[in-house]
Amino acid sequence: MTHPPADDAREKLLVNLTPELRRDLRIRAAEHGLNMQDAASNALALWLEAATGQPAVDTKGSKSWGVFLPAGSPARFTQECEYRGITKVQGMAQAITLWLDMHPSPSQRLVSQPVKRILVGNQKGGVGKTFVAAGLAQAMAEAGQRVLLVDYDPQGHLTSRLQIPGLPEGADSLLKHMLGEADRHLARSLVALPQERFGGRLHILPASKDAFLMDAKLALLQVGRDTCLARALAPIEDGYDVIVLDGPPNLGLAIDLAINYVQRRPGELIDHSGILIPVWSDRSSFDAYEMLNEQIDTHCRMTGAVVDQLGFVINAYDSRKGVGTRGFYDGWNQLTTPGVLATLKDAVEGRESSDYQIPLLEHAPDSGQAQVMRGLAKELAA
């Protein structure tokens with residue numbers, strides 16, 4: 001999520017919102033060709049004009065959420081909640097519910113969008129980037145989306161965990177396509193996961209050992225380096241609804257190119273594509289995010305790109321690990337731009353799926369982690 005320009009005359013409203021309402025608002029806004037910010041503004045306008053005594057909405061499980069509204073709107077909303085004798089949490093829930101009721105899903109998509117591109121990235125290793133990228137892609141494919149999952153990490157954990165052979169030495173790897181040295185179409189390197197639940201819709205671009213040389217080789221590329229990843233993937237984009245990149249655990253040139261790839265394209269809605277950030281409830285994850293955020297800001301300043309941060313996924317959370325863990329968990333949930341989209345609890349099913357090299361939704365389709373992945377996929381699929 002990005003902040004609006006300073007001259008946009010908007011003010012930030014902080015309020016708690018249930019994850020379900022946040023997800024429904026994001027999805028419905030996209031269906032109507034709106035960004036989430038404008039949909040929330042419209043919802044508040046409707047609610048302010050509506051009669052008092054709106055039906056109460058269940059707000060159990062609400063978490064901190066922030067939205068930029070036209071100047072003066074947050075103060076007016078607060079005053080109206082006081083007048084109606086309700087909390088701001090209830091007022092916002094009523095407003096969004098009213099807007100959703102008055103704006104049902106259209107029969108046809110109103111805004112044509114480019115392929116959705118999601119980089120699952122963070123500078124810190126071991127936070128679950130591969131697990132989140134794979135689970136998200138599985139859930140999207142299970143729901144009927146055509147998904148390409150790119151193993152963009154030279155360590156190749158994604159490839160091995162899905163029992164896919166890596167590209168042989170000398171094959172036309174992604175790097176070769178980025179360098180313009182490939183002989184065969186990139187589609188020849190793709191592998192479809194065989195499980196019936198994915199319906200042949202989930203394809204993997206396996207890792208190649210030459211990815212370790214990516215930064216060094218691309219540093220020598222004099223022309224078109226910033227867009228070489230986009231050019232490499234462009235020939236196959238039309239075959240997919242979503243492209244998910246499992247990012248490398250570093251802040252080098254490769255991640256810079258991935259950031260550039262998921263930037264907002266002309267006419268693309270806010271939060272349609274962008275960066276999904278897995279984290280842990282610990283200090284090092286906060287430090288790693290600060291470095292990633294600085295790299296994103298630097299890239300945008302230098303190139304003029306607009307890159308949306310889709311939100312955080314807190315991985316392997318276990319409240320029993322102590323006060324510190326719970327404190328950092330609360331810290332992530334207090335952030336609103338971007339905010340926490342999902343929490344994956346530390347569970348045996350995820351570890352088993354990695355150890356047994358079986359996709360999570362195939363190994364434990366009814367597990368809590370699988371359900372979280374489905375919820376995350378539903379929210380990001382809009």
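The values are calculated or read from the model by the stated rules, or taken from the named source; none is laboratory data. Being a predicted model, the structure only gives us computed values, none of them experimental. For neighbour counting, all protein chains shown are included, and Cβ atoms are generated from backbone atoms with ideal geometry for every residue, glycine included. Quick note on the areas: whole protein, heavy atoms, side chains included, nothing else; ligands and nucleic acids left out. Shrake-Rupley method; radii C 1.70, N 1.55, O 1.52, S 1.80 Å.
Probing with 1.4 Å while keeping every protein chain in the model, the per residue accessible area of segment 230-382 equals 40 Å².
Note on LYS378: accessible area approximately 110 square angstrom, rounded to 10, probe 1.4 Å, nucleic acids and ligands left out. Multiplying the residue separation of GLU290 and ALA45 by 0.36 nm and subtracting their alpha-carbon distance yields 84.7 nm. Spacing of the modelled spin labels on SER64 and ASP366, each 7 Å from Cα toward Cβ, amounts to 3.7 nm. Residues PHE286, PHE312 ordered from highest to lowest accessible area at a 1.4 Å probe: PHE286, PHE312.
Counting other Cβ atoms within 10 Å of each Cβ, which GluC sites (Glu not before Pro) in segment 139-206 have at most 16 and sit in a DSSP loop?
GLU169, GLU181
At a probe radius of 1.4 angstrom, the accessible area of segment 28-80 per residue rounds to 46 square angstrom.
Go through LYS60/LYS88; LYS345/LYS378; LYS60/LYS116; LYS12/LYS124; LYS129/LYS209 and tell me which ones have a Cα-Cα distance over 23 Å in this structure.
On the way: LYS60/LYS88 14 Å; LYS345/LYS378 19 Å; LYS60/LYS116 32 Å; LYS12/LYS124 30 Å; LYS129/LYS209 19 Å.
As for pairs spanning more than 23 Å Cα to Cα, those are LYS60/LYS116; LYS12/LYS124.
In this label model, ILE358 and ASP238 are separated by 3.9 nm, measuring between points 7 Å along each Cα→Cβ vector.
With r as the distance between the Cβ atoms of LEU220 and THR303 and R0 = 25 Å, compute the FRET efficiency 1/(1 + (r/R0)^6) and round to 0.05.
The formula returns an efficiency of 0.80 here.
Lys and Arg at +1, Asp and Glu at -1: add these up for the other residues within a Cβ distance under 12 Å of ALA50 and post the number. Cβ neighbours under 12 Å give a net charge of -2. Roughly how many percent of the accessible protein surface of the chain is carbon and sulfur, given a 1.4 Å probe and a whole-percent answer? Heavy-atom surface of the chain belonging to carbon and sulfur, 1.4 Å probe: 50 percent. Straight Cα distances below 16 angstrom link LYS321 to the aspartates and glutamates ASP282, ASP330, ASP346, with same-chain residues fewer than 8 positions distant left out.
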